[in-house]
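First the structure, in the form of structure tokens, and then the observations on it.
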Amino acid sequence: FLLVPLPSVPPPPPALHTCQGLAPCLPEEGQVNISGPRLLLATLHSAPGSSTAMDRIFSALLLSLLLLLQSYGVCGAPPQPRGTLCRTKPTDLVFVIDSSRSVRPHEFEKVKVFMSRVIEGLDVGPNSTRVGVINYASAVKNEFSLKTYQNKAGLLQAVQRIEPLSTGTMTGLAIQFAISRAFSDSEGARVRSPNFNKVAIVVTDGRPQDGVQDVSARARAAGIEIFAIGVGRVDMHTLRQIASEPLDDHVDYVESYSVIEKLTHKFQEAFCVVSDLCATGDHDCEQICISTPGAYKCACKEGFTLNNDGKTCSACSGGSGSALDLVFLIDGSKSVRPENFELVKKFINQIVDSLEVSDKQAQVGLVQYSSSVRQEFPLGQFKNKKDIKAAVKKMAYMEKGTMTGQALKYLIDSSFSIINGARPGVPKVGIVFTDGRSQDYITDAAKKAKDLGFRMFAVGVGNAVEDELREIASEPVAEHYFYTADFRTISKIGKKLQMKICI
């Protein structure tokens, strides 16, 4: 290296971050993260006399050295491997997007965000994943083909330029276009092979004006895996006619376009080739996952026992330490829908299964709310899990509004009262389940419940408002509130709650 005199510079700014060991360098709260070459240039440009030739030589040398160090690692450690645990299998992916007049411009923007998020999680390239988009209404428009863009940046820019057509809803015509053109050799589709997938993601919010059953069957027979996403007032029967089997994996529903982005993670996982199931979270172990070549096995933490299913662990068992008064507050509003209300019942009984129910251990109460509040059964009425689960199954669906604040007030005033079976000195836990925005004020009741020492969990699905869930949840909030876009995945939340309730 050529040694040159250092220019006179002011003292360096305070450190933007500290590093310990191999921990990543992150800015302190409230600080701006200016790192690498940008930080160096910002310092040099502010130095007195930086316009001299000598200073420019020094700047160039120091910048080269910093770039070398940065390529070695953020904190001086060798770069850590990234993206090796989960890569996307090569796929010919075509989005088939409904832009009929029922889809408003701001809603269509949400669809574009959803597509962009899915694309961001893919390995895009001519030998990996290729992406095309079909936009349809009364007619079909090929926005771009599988062969058009060979990198992610080009795809994302093209998605942003798509405009809605705003006419009718010819879903069958769009699927036929996918078969005959979008997945053709001339448009960049590859010959059918076990080494890569052909996938169509159909997004629609209405009832088609043409038939979809036969054309969808032809698409599936041609080796195209079809995912059907319905929004709002979509006809669910149509989605099931479109989608591939198993339908539970290929049909998704969201209440509105505002929450369609919540499905992003599902599709990123759907295209993922997993080499380490435990590391990527692609497993069903409740507590501990142990990787084996191409597979995994489950284990439990000390003090817990692996159940016969080989996945879950027994919880809340034995000892007076598991004494608990637990009350469910369940949203029975009309937006939940009867079929989803049955899934909510299964969710409740999933939690009940993890408890040791008796006079000295866990007691369970259940309250359903909509426009009014109804106590299904109080704490202590049932002395064993079998009777509790039978009562849950018999619960009738109220199907009205969403008065979450009124339900929280009932929990405080009645559910945890001695007259309704609550035991003095026993921990009180409330689990609030909702699928939408409350029609009344929740702040005061949510705060009072926590001030009284109740441990509050908030579970939201679909159109639930995450700010409201956080307001209900106890501290630390991140451990006491849960959200999923799809009722069918609430069992995963149930597994997490089983553990948290017992801690």
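The values are calculated or read from the model by the stated rules, or taken from the named source; none is laboratory data. Please read these numbers as outputs of a predicted model, since none were measured by experiment. Ideal geometry is used to build each Cβ from the backbone, glycine not excepted, and the neighbour counts take in all protein chains shown. Just the protein is used for accessible areas: all its heavy atoms, side chains included, with ligands, DNA and RNA removed. Shrake-Rupley method; radii C 1.70, N 1.55, O 1.52, S 1.80 Å.
Computed in the context of the full set of protein chains, the accessible area of the stretch 423-485 at 1.4 Å probe radius has 52% of its extent on carbon or sulfur. Each principal axis of the Cα cloud of the stretch 81-166 was evaluated for its coordinate range; sorted largest first, these ranges are 46, 23, 18 Å.
A Förster distance of 51 Å, applied to the separation of the beta-carbon atoms of LYS447 and ILE288, puts the FRET efficiency at 0.90.
In cubic angstrom, how much convex hull volume per residue do the alpha carbon atoms of the stretch 437-503 span?
Details: hull volume 5.1 nm³, N = 67.
About 76 Å³ per residue, rounded to a whole number.
For the stretch 106-172, the list of trypsin sites (Lys or Arg not before Pro) that fall in a loop by DSSP and count at most 16 other C-beta atoms within 10 angstrom reads LYS147, ARG161. Quick one: Debye curve from the alpha-carbon atoms of the stretch 391-503 only, equal weights, vacuum; give me log10 I(q)/I(0) at q = 0.12, 0.17, 0.18 Å⁻¹ to two decimals. Debye curve over Cα of the stretch 391-503, log10 I(q)/I(0) at q = 0.12, 0.17, 0.18 Å⁻¹: -0.43, -0.89, -1.00. Rounded is the label for the stretch 122-268. Its Cα gyration tensor axes, ordered a ≥ b ≥ c, give a/c under 1.5. Cross-link reach is defined here as a Cα-Cα straight distance under 16 Å, omitting same-chain residues fewer than 8 places apart; for LYS383 the lysines meeting it are LYS360.
Taking each of LYS147/LYS198; LYS262/LYS400; LYS110/LYS147; LYS394/LYS496; LYS393/LYS448; LYS345/LYS448 in turn, the alpha-carbon distance tops 19 angstrom for LYS262/LYS400; LYS110/LYS147; LYS394/LYS496; LYS393/LYS448; LYS345/LYS448.
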